[in-house]
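Read the structure below first, then the notes.
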Amino acid sequence: MDAAMVTALAALIAGPLTAAAAMYGTRGANRAAREGNAVTGLSTLTNELQEERKELRTELAAVRAELAAERAENARLRQLVQSLGGQP
């Protein structure tokens with residue numbers, strides 16, 4: 001075998017190996033990007049859920065205050081009915 005033949009064989013062997021290594025490396029990079037996107041997406045979802053929960057707690061506090069006011073009004077009206085001689 002002369003030097004030209006060895007060089008040609010080396011090129012034939014190195015080409016597919018280089019392509020396989022590039023595909024494997026790209027696949028690893030893609031997986032890392034997907035995992036990064038998943039973590040970012042989870043973080044965003046968590047933030048959105050926490051904001052929604054905060055808004056719902058505020059809304060619940062307002063509804064509870066409204067209910068307390070209506071119960072107080074109901075008690076006042078019952079007392080007024082009783083003072084006028086009726087039964088609630």
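Computed from the coordinates by the stated procedures, all read-outs in this text should not be read as laboratory data. Given the structure is predicted, the values throughout are model-derived calculations rather than measurements. Note: ideal-geometry Cβ built from the backbone for every residue, glycine included; neighbour counts use all protein chains shown.
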Run through segment 30-64 and list the trypsin sites (Lys or Arg not before Pro) located in a DSSP loop whose Cβ has at most 12 other Cβ atoms within 10 Å.
none
From phi via Karplus (6.51, -1.76, 1.60), per-residue ³J(HN,Hα) for segment 44-54 in Hz, x at Gly/Pro
5, 4, 4, 5, 5, 5, 5, 5, 4, 4, 4
How far apart, in nanometres, would the label points at V81 and A61 be if each is projected 7 angstrom from Cα along the Cα-to-Cβ direction?
3.4
